[in-house]
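Asker: Got a structure for you, questions after.
The values are calculated or read from the model by the stated rules, or taken from the named source; none is laboratory data. For clarity, every value in this text was computed on a predicted model and none was experimentally measured. Using ideal geometry, Cβ is built from the backbone for each residue, glycine included, and neighbour counts are taken over all protein chains shown. Keep in mind that these areas ignore ligands, DNA and RNA; they rest on the heavy atoms of the full protein, side chains included. Shrake-Rupley method; radii C 1.70, N 1.55, O 1.52, S 1.80 Å.
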Amino acid sequence: MRHRTFTSRFAAARCAAALLAAAGLYSAYTQQPPAEPLTVAKVADDLHVIVGSGGNVGVLTTGEGVILIDDKFERNVDEILAKVKAISDKPIRYVLNTHLHGDHTGGNAKLAQLTGATLFGHENARAYMVEKKMPGLQNITFQNRASIHLGGKTIEAHYFGRSHTNGDVVYYFPAHKAAHFGDMFAVGGPYIDASSGGNGRDFPQTIGKALALDIQTVIPGHGGPILKKADLATFKSELENAEAQIGKLVREGKAKDQIKPLLNTSSFTMCCQTGLWDRSIPVLWDEFSK
Amino acid sequence: MRLPRQFALACSLCALASAWLTAQAPAPPKPLEVVRLSANLHVLIDPEDNGNVAVYVTPEGVVLIDAKFERHVPQMLEAVARITPLPVRYLLSTHHHDDHTGGNAALRARTGARILGHASAARLMRERTMPGPPEVTFHHRMSLHLGGRAIEAYHFGPAHTAGDAVYLLRDENTAHVGDLVELVGPYIDHKAGGSGAHFASAVEQLFTLNAATWIPGHGKPLTPETGKLYLADLKTAVARAQAMRAQGVKKEDAMAQWNNEGLRYCCRTNIWKRSLAGLWDEPAP
Ligand SMILES: [Zn+2]
Ligand SMILES: [Zn+2]
């Protein structure tokens, strides 16, 4: 049972990774993969996750409106709106981004236009979106900590440092002891996007700071969608293990393209399995070679 | 500023007493004075000198900073409508005091504006069941982007309250500094986490914004040159209070024994003197 669960999680992540590999990473972040019907997973009566085609979308419903966390690609917006409508008849008031990538922010512009929602994210994420001329720029950005209060409910936005990019936000739902981690936790990954300020050597300690939150339920950026704090702790320790192996191989003088077959990650259950991870190995080689 | 009501009538400023009386028996508010700082930036000042409201017009809508009392909301919206047909999209609060946030809930209800402010200001408003606490709150730095314009929000530590926010309008070279700069004060609201020991440091950080114009919470806009004179007097006054305390002056006697000598830009009025007892309760410097 448990084994089967892991297998299916990785199957989804591997599928996404294969798409990314096929399309080339940059274009995968800026263009759109083939349509894939979206499904909804329930964390609680007022907290759901929309899964499929791009990053996991968190949906918090309140008496005064709905808050989304991430919004996949632009082509998914109509279906996201339909899924949200089936959960709540209230308007979408805020869209919070975990980071800049187009599979998490692609719906921003259309959603803001259709619903009047305020877009929110980290200041470093917005700066990269400006630089890369991406649409759907956030209206509100923060530095280290912010909160959104709506209809008596609260979402805390935390910035813990560099990981997947240098603008990854953890959105914490204190009442649910749950948090959306974006691609700081992509099952089978991580991908370290050095071109957007991502950093592999900071990655585990950034997760470590997030693990200090009082959480039980963890929503990853891809995969899952409803995992436990222990799964994230496993992801972190497996990443540390893999990084230690890479560091040792670099010190032994191994070339960048020699590393992958020498890594022993076959027993890992959360980390370091997908094509996204394969693309992180040279990034880590560069970091350990400095 | 916001004063405990038992002090209001004794206050040396008639404006404050009249604000308090007006709050007890609502009368139609007197007309607002509209001060034009630029084509896109105006300040709404009312004759009772409740919190100054900045009206910032961007191509995609209006941002207000502070909201006076609820009774001022109709005339504030009339003043905005005379400046621009665009809707009010955001309301930023400099701190929780009701002469700055009293209009929050009514403005939100009438315009749908999102309210932003510091986390401690929102916490104080919720604890005290004040209407219209900020929806989006920050701890150290936040930015609002609208219509190609940016407003940066900063928190420089506890000073007037624990939740003071300063808003920099980068394109206007102007900052709304709230009650961090109050030439007839300042008031240190110790019950709301204000700090005399840290106040001057917070004011010092205003200069790092490099704004040419400061909109204070009360009174006319001023320049950082005046701000420097205010800061110098503030440092003198805090040091003087701390010396009195070190010399054994009792907290109860601090107000009566306060010496205004040499102070021209702050710390002369009862607003300041009422902060003294709280200064005595702060940790020794
Ligand atoms: Zn990503
Ligand atoms: Zn005040």
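Asker: Which residue is nearest to the chain's Cα centre (by Cα), if the candidates are limited to segment B:86-108 and must be aliphatic (A, V, I, L, M) and more than 12 Å from chain A (Cβ to nearest Cβ)?
Answerer: Checking each candidate, the answer is B:Leu91.
Asker: Do we find a residue being open to solvent by 10 Å² or more (accessible area, probe 1.4 Å) and more than 25 Å from B:Asp46 (Cβ to Cβ) anywhere in segment B:115-122?
Answerer: yes
Asker: Let me ask something additional. Any residue at all in segment B:212-225 that is under 18 Å from B:Ala159 (Cβ atoms) and aliphatic (A, V, I, L, M)?
Answerer: There is at least one residue in segment B:212-225 that is under 18 Å from B:Ala159 (Cβ atoms) and aliphatic (A, V, I, L, M).
Asker: Every residue in segment A:147-162 that is in a strand (DSSP E or B) and more than 22 Å from A:Pro91 (Cα to Cα), please.
Answerer: Across segment A:147-162, the qualifying residues are A:His158, A:Tyr159.
Asker: Let me ask something else. Inspect segment B:163-174 for any residue being more than 18 Å from A:Thr118 (Cβ to Cβ) and β-branched (Val, Ile, Thr) and give the result as yes or no.
Answerer: yes
Asker: Also, I was wondering about something else. Might you check whether a residue that is open to solvent by 50 Å² or more (accessible area, probe 1.4 Å) and either away from ligand 1 (no atom under 16 Å from the Cβ) or closer than 23 Å to B:Gly193 by Cα (or both) occurs anywhere in segment B:88-97? Break it down into steps so the answer makes sense when it comes.
Answerer: First, pick out the residues of segment B:88-97 that are open to solvent by 50 Å² or more (accessible area, probe 1.4 Å): B:89.
From what is left, the residues that are either away from ligand 1 (no atom under 16 Å from the Cβ) or closer than 23 Å to B:Gly193 by Cα (or both) are B:89.
The answer is yes; a qualifying residue exists.
Asker: Another question, if that's okay. Would you list the helices (runs of 4 or more DSSP H) that sit entirely within segment B:174-285 and hold 2 or more residues that are touching a His at 6+ places or on another chain (Cβ under 8 Å) and over 30 Å from B:Leu64 (Cα atoms)?
Answerer: So the answer is B:276-281.
Asker: Looking at (1) buried (at least 19 other Cβ atoms within 10 Å of the Cβ); (2) closer than 23 Å to A:Asp231 by Cβ; (3) modelled with pLDDT of 95 or more, which is the only condition A:Ala244 fails?
Answerer: Checking A:Ala244 against (1) buried (at least 19 other Cβ atoms within 10 Å of the Cβ); (2) closer than 23 Å to A:Asp231 by Cβ; (3) modelled with pLDDT of 95 or more, the one that fails is (1).
Asker: Consider B:Lys220 carefully, then state whether it is over 14 Å from the mean Cα position of the chain (by Cα) and open to solvent by 10 Å² or more (accessible area, probe 1.4 Å).
Answerer: No, not satisfied.
Asker: If you go through segment B:146-176 one residue at a time, how many are hydrophobic (A, V, I, L, M, F, W, C) and touching a residue at least 60 places away in the same chain (Cβ under 8 Å)?
Answerer: 6
Asker: Exactly one of these conditions fails for A:Ala175: (1) open to solvent by 10 Å² or more (accessible area, probe 1.4 Å); (2) assigned to a strand (DSSP E or B). Give me its number.
Answerer: (2)
Asker: In segment B:123-144, which residues are surrounded by fewer than 19 Cβ atoms within 10 Å (Cβ to Cβ) and at the interface with another protein chain (Cβ under 7 Å from one of its Cβ atoms)?
Answerer: B:His139, B:His140, B:Arg141
Asker: Of the residues A:Tyr172, A:Tyr128, which single one is within 14 Å of the chain's Cα centre (by Cα) and away from ligand 2 (no atom under 16 Å from the Cβ)?
Answerer: A:Tyr172
Yes/no matrix, rows are residues, columns are (1) under 26 Å from A:Ile50 (Cα atoms); (2) open to solvent by 10 Å² or more (accessible area, probe 1.4 Å); (3) assigned to a loop (DSSP other than H, G, I, E, B):
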position: A:His164; (1), (2), (3): yes, no, yes
position: A:Val170; (1), (2), (3): yes, no, no
position: A:Ala179; (1), (2), (3): yes, no, no
position: A:Ser195; (1), (2), (3): no, yes, no
position: A:Pro225; (1), (2), (3): yes, yes, yes
position: A:Glu240; (1), (2), (3): no, yes, no
position: A:Gly253; (1), (2), (3): no, yes, yes
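Asker: Determine which member of the set A:Pro190, A:Pro204 is in contact with a Leu (Cβ under 9 Å, 6 or more places away or on another chain) and not in a loop (DSSP other than H, G, I, E, B).
Answerer: A:Pro204
Asker: Output the helices (runs of 4 or more DSSP H) that fall wholly within segment A:41-128 and possess 1 or more residues being away from every other protein chain (no Cβ under 14 Å) and touching a Phe, Trp or Tyr at 6+ places or on another chain (Cβ under 6 Å), or say none.
Answerer: A:102-105
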